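Everything on this sheet refers to the single structure shown next.
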Amino acid sequence: MTSSKQDRRVIKTKKEIRQAFTTLLEEKSFDAITVQDLTERANINRGTFYLHYQDKYDLLEQCENEILEQLREIGKNLSVSDLRSLLKEEMYFPLFVRFFECFQENALFMRVILGPNGDPSFHGKMKQVMLDNLWSHFISKMDTSKFAIPIDILTTYVSSAHLGVIQYWLNEGMKQSPKEITTILIKIITKGPIEAAGLPIHHDSK
């Protein structure tokens with residue numbers, strides 16, 4: 001068997017294992033899943049499973065790391081100047097769209113791993129990737145002493161709010177396109193939730 005055929009076979013087998021893993025996570029918690037469950041659902045033998053993964057924990061880690069690495073790669077292309085100009089014009093940001101396209105491509109796994117049967121620690125990993133992008137591209141280039149609110153509160157709010165939108169979008173069946181959900185998110189970022197919702201803001205005059 002040629003190397004390319006072997007590579008395709010490995011990719012196909014790992015894909016089948018991960019699909020089996022994802023469907024099992026829809027049915028029961030990670031703790032309740034066994035290697036036997038995985039091999040029966042993927043229709044492979046235990047030896048084949050252990051050729052690719054040490055155990056179910058290794059499988060979980062590899063699945064999560066693949067998505068996190070995709071997000072990091074997308075984040076490397078963020079441009080401060082481009083983002084500032086787009087925010088002023090309230091336009092969607094193409095790279096933000098790419099983030100949501102990545103979530104869409106991995107929708108089933110993302111939905112279950114962020115859900116009640118998934119991995120609670122993945123929430124923290126996702127937030128950290130968001131914070132790393134936010135810090136390396138924007139905050140590190142600013143004089144944070146001039147911020148009107150504590151920087152740790154700001155970054156916590158931003159990462160938590162974004163993750164909440166991602167979860168909602170996935171759980172509701174991705175009714176908006178990646179471009180549409182990005183446009184909504186940009187509007188909330190630039191205007192704040194109250195003004196973005198179209199609610200009037202009254203200021204008492206003295």
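The values are calculated or read from the model by the stated rules, or taken from the named source; none is laboratory data. Keep in mind that what you see is a predicted model, and the values were worked out from it rather than measured. These area figures cover heavy atoms from the full protein model, side chains too; ligands, DNA and RNA do not enter into them. Shrake-Rupley method; radii C 1.70, N 1.55, O 1.52, S 1.80 Å.
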### Message
Rolling a 1.4 Å sphere over the protein heavy atoms, what is the accessible area per residue of segment 1-68, to the nearest Å²?
### Response
61
### Query
Out of residues 5 or more away from Y53 or on other chains, whose amide H comes under 5 Å of its own, with H placed 1.01 Å from N in the peptide plane?
none
